[in-house]
Amino acid sequence: MVSSRRDQLERTLAYLISLAAILLTLFPIVWLLSVSLKTQRDAFAMPPKLIFEPIGDHFLGLLERPGFVEAFMNSVNVTALGVFFAISIAIFASYGIHRFRFRGKKLFGVWLLLAYMLPEFLFIIPMFVLYQRIGWYDTDFGLALVYQVHSLPFAVWLIRSFFKEVPRDLDDAARIDGCNHIRTLRHVYIPMAAPGIAATAILTAIWIWNELTIALSLTFRETQTITVAVASFRGYTSINWGQMAAASIVAILPMLVFAIFAQKYIVKGLTLGSLKG
Amino acid sequence: MPAAARNRVVYFLIAPAVLILAVTSLYPAVFSFALSFFNWNWGVQFDFIGLRNYVDLFRSAEFWQVLYQTFLFAVLATALELVLGVALAVVVDRLKFGQSIIRTLLLTPLMVSGIIVALMSKIVLDPMLGIVNYVLISLGMAPSPFFGTTATAMSTVIMVDAWWQTAFVFIIVLAGLQSLPQEPLEAARVDGADGFQTLFRVKLPMLRTVLFTILIFRTIDTLKVFDIIFGTTGGGPQIATEVMQTLAYRKAFSFLQMSEAMTVMVIFSVIVLAISLVYLRLEERLEED
């Protein structure tokens, strides 16, 4: 058949295009990894060296760079705290929106959306002033709290769409069994939507881990995050490519490992949010 | 959806969220708006100056250039990411084997922080020592100064953003394509439509709400661009890639012109929120159709 031959041709072409896209996607990351393992001379060599003797100096050097290890640990703390705030608060709010009619419901929905859309510097400067005054500037707690302006609407929006998937019958059955709202939420909605909640938590964690703009302005010495530490390599005067690349790899790695193990959840979170929002 | 009940309990459920939103969004919005009528540079000077900050901004050529550049970046980056993402989704949707591993690999840029994307692109796109120019020269093409000149810097940051965020469009459109009901596609095939016609006349129109949602998110996100530009050009050369958020950063933290920075952000927020609300309306209408 003519059409099947054309099909075959189209499919081959589809594979070629996909392969090209993968190459373009992965090449910069692979190159970054290679630079992190090269000596300065190898990194600057022209023509570029594809085969080289890898060195671990840049990674070891990071251990001695003041504040780098601390920044990594700070990011772990801030991410954990931020995810905890977002998920625990969003579960209740999502249940409220899903299960009840109330005055100001529409307004609350619009507020969530607009808060999510606000440009960072609108709230960074006022939060900076407030935090300086009450002593929350440069603290994990303060940073994790500011992140909620973005993470909370995102989590409410996603968790709510997962709650919508919970069969009505289960909710009814829980009521008939005499469950109050907290028990229904705990024994029906949370277990049923657990994969969705996990997806939300993962996406929130990725966002917080990778965030720079807010962390740059609201942290100083104590709670510098990993992205701020990586950003400190920017600037044309110090072209320390090796260590800059090593720091970037260290910052990427946790999320990459995360992505490999939690890929199913990530795709679920990203797609359900927009397909059924 | 369960028959929504009226109950006081709901206010306890949403109270923590309302409280946090009040502190992180309502207070800053009111504070910024109020401060935009003062003249405050971190010091003791704190005078009410009415609309002076606004008048000064509207009179400065720099402000209009930065506003224009912000939109230029947003429109071009969003358009590029939408076209590439949809095309890639259509292509990957056709694959029979290895689709899931290909999808995973194509998703990686979304795991990478914007600042790392920026530093990474500075390494590969370095005019003298970068691998990309080396490849271009080897292929007999002209090397590019990339971030180095006012003529090329903007298109380079747009390209970098596309490398980073096309995956977002791709993954959602792919899931959308795969969740389409089969009957309309069958009907189109029976009517003798070829692949292209089915795509443009049936599949993409069926995905219009999804595409629209993606359009909203990418537009707002690109308007708010910061790390990509901060990490590569820092707004330069001169102010060729300066955008609203880098301008606010520079005014607030380099020049300590707090009120001016807040005035910039108040104007910009009004623009962003207006666009969000218009989109929201249009989306409601799309869903009604």
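The values are calculated or read from the model by the stated rules, or taken from the named source; none is laboratory data. Every value quoted in this text rests on a predicted model; they were computed, and no experiment measured them. Don't worry about glycine lacking a Cβ; one is built from the backbone with ideal geometry, like all the others, and counts go over all protein chains shown.
Yes/no matrix, rows are residues, columns are (1) more than 11 Å from chain B (Cβ to nearest Cβ); (2) surrounded by 11 or more Cβ atoms within 10 Å (Cβ to Cβ):
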{"position": "A:ARG5", "(1), (2)": "yes, no"}
{"position": "A:ILE55", "(1), (2)": "yes, yes"}
{"position": "A:VAL69", "(1), (2)": "yes, yes"}
{"position": "A:ALA90", "(1), (2)": "no, yes"}
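Name every residue in segment B:101-115 that is under 15 Å from A:ILE249 (Cβ atoms) and either of a type in the set (Ser, Thr, Tyr) or free of Cβ contacts under 8 Å to residues at least 12 places away in the same chain (or both), in order of residue number.
Answer for segment B:101-115, where residues must be under 15 Å from A:ILE249 (Cβ atoms) and either of a type in the set (Ser, Thr, Tyr) or free of Cβ contacts under 8 Å to residues at least 12 places away in the same chain (or both): B:THR108, B:MET111, B:SER113.
Out of B:VAL18, B:VAL30, B:VAL23, B:VAL44, report the one residue that is more than 7 Å from chain A (Cβ to nearest Cβ), modelled with pLDDT of 90 or more and exposed (fewer than 14 other Cβ atoms within 10 Å of the Cβ).
On the way: B:VAL18 fails: exposed (fewer than 14 other Cβ atoms within 10 Å of the Cβ); B:VAL23 fails: exposed (fewer than 14 other Cβ atoms within 10 Å of the Cβ); B:VAL44 fails: modelled with pLDDT of 90 or more.
Being more than 7 Å from chain A (Cβ to nearest Cβ), modelled with pLDDT of 90 or more and exposed (fewer than 14 other Cβ atoms within 10 Å of the Cβ) holds for just one of B:VAL18, B:VAL30, B:VAL23, B:VAL44, which is B:VAL30.
So B:PRO237 clears everything in (1) touching a Gly at 6+ places or on another chain (Cβ under 9 Å); (2) of a type outside the set (S, T, N, Q); (3) buried (at least 18 other Cβ atoms within 10 Å of the Cβ) except one condition, right? Which one?
The number of the failed condition is (3).
Does segment A:162-210 hold any residues that are within 13 Å of chain B (Cβ to nearest Cβ), under 31 Å from the mean Cα position of the chain (by Cα) and assigned to a loop (DSSP other than H, G, I, E, B), and which are they?
Of everything in segment A:162-210, those that are within 13 Å of chain B (Cβ to nearest Cβ), under 31 Å from the mean Cα position of the chain (by Cα) and assigned to a loop (DSSP other than H, G, I, E, B) turn out to be A:LYS164, A:GLU165, A:VAL166, A:PRO167.
Contact list please: Cβ distance under 7 Å, first residue in segment A:101-122 and within 7 Å of another protein chain (Cβ to nearest Cβ), second residue charged (D, E, K, R) and in a loop (DSSP other than H, G, I, E, B), pairs at least six apart or on different chains.
A:ARG101/B:ARG6; A:PHE102/B:ARG6; A:PRO119/B:LYS224; A:GLU120/B:LYS224
Given (1) within 7 Å of another protein chain (Cβ to nearest Cβ); (2) over 21 Å from B:THR150 (Cα atoms); (3) surrounded by fewer than 21 Cβ atoms within 10 Å (Cβ to Cβ), where does B:ILE137 come up short, assuming only one miss?
Of the numbered conditions (1) within 7 Å of another protein chain (Cβ to nearest Cβ); (2) over 21 Å from B:THR150 (Cα atoms); (3) surrounded by fewer than 21 Cβ atoms within 10 Å (Cβ to Cβ), the odd one out for B:ILE137 is (1).
With the structure loaded, tell me whether B:PHE268 is over 22 Å from the mean Cα position of the chain (by Cα) and either buried (at least 23 other Cβ atoms within 10 Å of the Cβ) or under 21 Å from B:THR78 (Cβ atoms) (or both) or whether it fails that test.
So B:PHE268 does not fit the description; no.
I'd like to check something: does segment A:18-28 contain any residue that is farther than 23 Å from A:LEU253 by Cα, at pLDDT 85 or above and surrounded by 15 or more Cβ atoms within 10 Å (Cβ to Cβ)?
Checking segment A:18-28: at least one residue is farther than 23 Å from A:LEU253 by Cα, at pLDDT 85 or above and surrounded by 15 or more Cβ atoms within 10 Å (Cβ to Cβ).
Is it true that some residue in segment B:68-75 is more than 22 Å from the chain's Cα centre (by Cα) and either surrounded by 15 or more Cβ atoms within 10 Å (Cβ to Cβ) or modelled with pLDDT of 90 or more (or both)?
The answer is no, given that none of the residues of segment B:68-75 is more than 22 Å from the chain's Cα centre (by Cα) and either surrounded by 15 or more Cβ atoms within 10 Å (Cβ to Cβ) or modelled with pLDDT of 90 or more (or both).
Among the residues of segment B:227-273, write down those that are aromatic (Phe, Trp, Tyr) and either outside any loop (DSSP other than H, G, I, E, B) or touching an Asp or Glu at 6+ places or on another chain (Cβ under 7 Å) (or both).
Of everything in segment B:227-273, those that are aromatic (Phe, Trp, Tyr) and either outside any loop (DSSP other than H, G, I, E, B) or touching an Asp or Glu at 6+ places or on another chain (Cβ under 7 Å) (or both) turn out to be B:PHE230, B:TYR249, B:PHE253, B:PHE268.
Can you tell me which residues in segment B:222-243 are out of contact with any Leu (no Cβ under 7 Å at 6 or more places or on another chain) and within 9 Å of another protein chain (Cβ to nearest Cβ)?
B:LEU223, B:LYS224, B:PHE226, B:PHE230, B:THR232, B:GLY234, listed by residue number.
Which one of the conditions (1) more than 23 Å from the chain's Cα centre (by Cα); (2) assigned to a helix (DSSP H, G or I) does B:GLY192 fail to meet, given that it meets all the rest?
The failed condition is (2).
Is it the case, given these coordinates, that B:LEU105 is surrounded by fewer than 21 Cβ atoms within 10 Å (Cβ to Cβ), closer than 30 Å to B:LEU204 by Cα, at pLDDT 90 or above and facing chain A (nearest Cβ under 8 Å)?
Working: surrounded by fewer than 21 Cβ atoms within 10 Å (Cβ to Cβ): yes; closer than 30 Å to B:LEU204 by Cα: yes; at pLDDT 90 or above: yes; facing chain A (nearest Cβ under 8 Å): yes.
It is true that B:LEU105 is surrounded by fewer than 21 Cβ atoms within 10 Å (Cβ to Cβ), closer than 30 Å to B:LEU204 by Cα, at pLDDT 90 or above and facing chain A (nearest Cβ under 8 Å).
Within segment B:108-134, which residues are within 8 Å of chain A (Cβ to nearest Cβ) and either in a loop (DSSP other than H, G, I, E, B) or under 24 Å from A:LEU9 (Cβ atoms) (or both)?
Matches in segment B:108-134: B:VAL112, B:SER113, B:LEU129.
Among the residues of segment B:16-63, how many are in a helix (DSSP H, G or I) and either in contact (Cβ under 8 Å) with a residue 40 or more places away in the chain or not polar (S, T, N, Q) (or both)?
In the first step, residues of segment B:16-63 are kept if they are in a helix (DSSP H, G or I); the result is B:16-35, B:52-59, B:61-63.
Next, only the ones that are either in contact (Cβ under 8 Å) with a residue 40 or more places away in the chain or not polar (S, T, N, Q) (or both) stay: B:16-23, B:26-35, B:52-59, B:61-63.
Here the count works out to 29.
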